[in-house]
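Heads up, the thing below is written out as structure tokens.
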Amino acid sequence: MDLATLLFWIIAIILVGSSLLVVGLRNIVHSALALVVVFAMAAGIYLLLDAEFIAIVQILIYAGAVTILILFALMLTRTNNVRTNSNPINKVWWIGAIISTLVGAGIIFAVTIGPYSHVHAGGGAGYGPQNAACPLPPNNVAYIGQLLYSPTCYSYVLPFEIASLVLLVAIIGAIVIGRED
């Protein structure tokens, strides 16, 4: 067993354990803190897959901003008569267990015997479309930058800007809704 495989299994065990803690702990603040560990371990998996940019975004956005937002929302919405068991057991948990089992079976089918399982077995096509004007950059971050802003290769500038406008509209909408009249 090589080092990457050993690291994967360590990270995967911690990831699954902490995700079970997120849904199983009674105290909602402890669940939110276990969520930080889930996000960090997911970033570790991305690093093992040589997706440095996604790992950095995972840490900055999810483990940082989203978790802080959740904790602030918990602190600001708490009332004085909150019980210690702020995360009660759902009465229809078995429906979630059935759905999770079906999703897991679907993933296992897709990876092993599904119609697209040959893509990874044969080596795949690698990065997106290649031509002489767009040589393969040395790492993922440079490739993402090339896809976003390169004038000679296919550029995602327009969809990137449209996404930023959608986020701007969402922020303005949140400010209007949250503004006290």
*Please work out how much length the chain gains when fully extended from A97 to M1, using 0.36 nm per residue of separation minus the C-alpha to C-alpha distance, in nm with one decimal.*
31.3 nm
_P(r), alpha carbons of the stretch 1-81 - 5 Å bins starting at zero, rounded %_ = 3, 16, 21, 21, 17, 10, 6, 3, 2, 1, 0
*Stretched out fully, how many nm does the piece from V141 to I177 gain, at 0.36 nm a residue minus the Cα gap?*
9.3 nm
*Whole-Hz couplings from phi, Karplus 6.51/-1.76/1.60, listed for the stretch 97-107; x for Gly and Pro*: 5, 5, 5, 5, 5, 5, 5, x, 5, x, 5
*Normalised by the number of residues in the stretch 1-83, what is the relative contact order in percent for Cα pairs under 8 Å and 6+ residues apart?*
26 percent
_7 Å from Cα along Cα→Cβ at both A105 and V29: what's the point-to-point distance in nm?_
4.2 nm
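Ranked highest first by average number of other Cβ atoms within 10 Å, how do 44-56, 136-148, 93-105 line up? Walk me through the numbers on the way to the answer.
Working: 44-56: 16.2, 136-148: 14.2, 93-105: 10.0.
For the peptides 44-56, 136-148, 93-105, the packing ranking is 44-56, 136-148, 93-105.
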*What spacing in nm lies between the two simple spin-label points modelled at I68 and A170, each 7 Å away from Cα in the Cβ direction?*
1.8 nm
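We did not get these values from a lab; they are worked out from the coordinates using the rules stated. Fair warning: this is a prediction, and the values are worked out from it, not measured in the lab. A quick note on method: Cβ atoms are made from the backbone with ideal geometry, for glycine too, and the neighbour counts reach across all protein chains shown.
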